[in-house]
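Please treat every number below as a calculation from the coordinates, not as lab data. This one's a predicted model, so the numbers in the text were calculated from it and none came from an experiment. Quick reminder, even Gly has a Cβ in these numbers, built from the backbone with ideal geometry, and neighbours come from all protein chains shown.
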Amino acid sequence: MSRVRRSVWSEGPGWNETLIWYAKAVGVMTQRPVTERTSWRFLAGMHGYHEGHWRALGVLKPEETLPGGTELDMFWSKCQHGSWYFLPWHRGYLSAFEQIVLSAVVEAGGPQDWALPYWNYSSTAEPNARKVHPAFTAPNMPDGTPNPLYTRFRFGNSEAGEVILSDLDVDLGALSDSVYSRGWNTAGGFGGGGSATSHNAGQAGSLERTPHGNVHTAVGGAAELPGLGEVPGFMSLFETAGLDPLFWLHHANIDRLWEVWLKRDQKHRNPDDARWLGGPMDRPFVMPRPDGSEWHFASAEMVATDAPLLNYVYDDVSDPLVVTAGLTEGLVPPAHQGEVEAVDTQLIGTNGTEIRLGAGGATTEVAVDEQVLRRASEQMTEGPEAAAAAGAFFLTLESIRGLNNVAIYQVEVDYGAAGGELPSGEARAMILGSFSTFGLGEASALAEGNDGMTLTFDITKLVQRMGFDTEPNLDRLRVSIVPRSAARGIEPPTIGRVNIYQDTP
Ligand SMILES: [Cu+2]
């Protein structure tokens, strides 16, 4: 029988057995030397590390040294982001972590079937869903001893230092993406663009963008600390994220959403590309086992959670998206968001210039191929087959660069500068979603030849609205990037290009 991962809120706001044993195991693991493969800090370093930063925050004591060169090279700073390996790498990482925690739990006399809980912040059934579970914010355990699940480097995104997750931060629009990957070196799709290997490249999938990135930033935040200046919270940086015990519950939920996506639609499939299945291409992923030995694996070994190697299932992988009939929905054939396969991708619009996200964000005009938009939007009113032939439309924010890793922005788009409404009553403006700059510093490191971060938003629904508009203005789109929470005093990010693409079958 596979072990069952359950929602952290499933037994209410108090301490429960799962959390008490998690805390005890974390307590044991944090006492282990950083050089030990099963220690708390060794496991965190596998995601990322920065020696100076770790020392400044007291994660490393002055007398402690990091693991040796070969050990560091084999295991540390290996997290996969901005890539189609984001999901399989993190699944293996979580599983290695879970098995090491389980082993510590069992050694201390705990249950043999202990499994990592997950934080389902998007739940509409659980009233506390968006709050950090109190077991992670209480400085002490029920018996009065210090709580290993608590950290002071979790600053939140409000002035009061609380974690406030908005509708946009926990939006599950990613589950509507019909393809795992839109192509090689192409951002978007549910799981990210094809790449050889990627610690910090920029072809993020929609799940990695939201809720993944948003929750990292909203939980971690940043704060001014005496003698240290502006310090990002643990969850705000690749280099410290794994040090926060809450990180693992966040990623368990992201891992669960991968299962939800596969299950909610028969057409949703993992890549069958040998480069994904057998990847990464340069060398296999490697994780430590509870006995300290090495475990090598490829993505193909990560597709079934109940396989003996992983041995877990989720208590709930039901479809959380309620189908709501929008105002035009009754009129429009069901052209689902991004429902296009075997794609041919054409650039049909660009703003042609770099933009800088100042304190108020930025607005830019994107010139688009009016003929293409007109034809496609009309096709989308003609019936399912014509709509499918029209394809899907994407807006991309390309080569985003900067040092600010803790900002969250909302992306809005409108067409038809005259304003007004469609005959259906819907607006010509649309909020496409949001993104956080989690990982931006890493993706912008010029020395490593990175091209910044690229993010993709599906605008097929907006194009569909144009088809029902009696007076559409289709030669340009106005795109606004509006800050929702931004780190203070850090140079604003830049966006290299805002482009519009059409994917056709
Ligand atoms: Cu993450």
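Return Glu412, Glu442 ranked ascending by Cβ neighbour count within 10 Å, so the fewest neighbours appear first. Mind dumping the intermediate values first?
Working: Glu412 17, Glu442 23.
In increasing order of surrounding Cβ atoms, one gets Glu412, Glu442.
What is the set of long-range amide H partners of Tyr118 at a cut-off below 5 Å, with H atoms built 1.01 Å from backbone N?
Arg6, Ser7, Val8
Which cross-chain or sequence-distant (5 or more) residues have an amide H under 5 Å from the amide H of Arg497, H modelled 1.01 Å from N in plane?
Amide H to amide H, under 5 Å and 5 or more residues apart or across chains, Arg497 pairs with Glu398.
Tell me the trypsin sites (Lys or Arg not before Pro) within region 176-271 that lie in a loop according to DSSP and have at most 10 other beta-carbon atoms within 10 Å. Before the final figure, lay out each step's value.
Details: sites: Arg182, Arg209, Arg256, Lys263, Arg264, Lys267, Arg269; in loops: Arg182, Lys267, Arg269.
In loop regions of region 176-271 (DSSP not H, G, I, E or B), the sparsely surrounded trypsin sites (Lys or Arg not before Pro) are Lys267.
What trypsin sites (Lys or Arg not before Pro) in region 54-163 are in a loop by DSSP, with at most 12 other Cβ atoms within 10 Å of the Cβ?
Sites meeting the loop and neighbour criteria: Arg152.
How would Phe393, Phe285, Phe234 line up from fewest to most surrounding beta-carbon atoms within 10 angstrom?
Listing Phe393, Phe285, Phe234 from fewest to most nearby Cβ atoms yields Phe285, Phe234, Phe393.
From zero outward in steps of 10 Å, how is the percent of C-alpha pairs of the chain spread across the bins?
Spelled out per bin, shortest first, that is 4, 19, 30, 26, 14, 6, 1, 0.
Along region 252-265, what does the Karplus equation 6.51 cos²θ - 1.76 cosθ + 1.60 (θ = phi - 60°) give for ³J(HN,Hα), rounded to whole Hz, x for Gly and Pro?
So the Karplus estimates, Gly and Pro as x, are 4, 5, 4, 5, 5, 5, 4, 5, 4, 4, 5, 7, 7, 8 Hz.
Please give the calculated 222 nm ellipticity per residue for the chain, where each DSSP H segment of at least 4 residues contributes -39500 (n - 2.57) and the sum is spread over every residue; nearest 500 deg cm²/dmol?
Estimated from H runs of four or more residues: -7000 deg cm²/dmol.
Summing +1 for each Lys or Arg and -1 for each Asp or Glu, what net charge is found among the other residues whose Cβ lies under 12 Å from the Cβ of Arg374?
Around Arg374, the charge tally is -4.
Considering the options Leu262, Gly110, Ser123, tell which one lies farthest towards the positive end of the dipole of region 3-314, charges being +1 on Lys and Arg and -1 on Asp and Glu at the Cβ, about the Cα centre.
Leu262
When only C-alpha pairs under 8 Å and at least 6 residues apart count, what is the relative contact order of the chain, in percent?
18
Amide H to amide H, which residues 5 or more places from Gly433 or on other chains are under 5 Å from it, using H placed in the peptide plane?
The answer is Val411.
Order these by the 10 Å Cβ neighbour count, fewest first: Ser293, Ser123.
Ser293, Ser123
Hey, what did region 344-504 get for relative contact order, percent, Cα under 8 Å, at least 6 apart?
46
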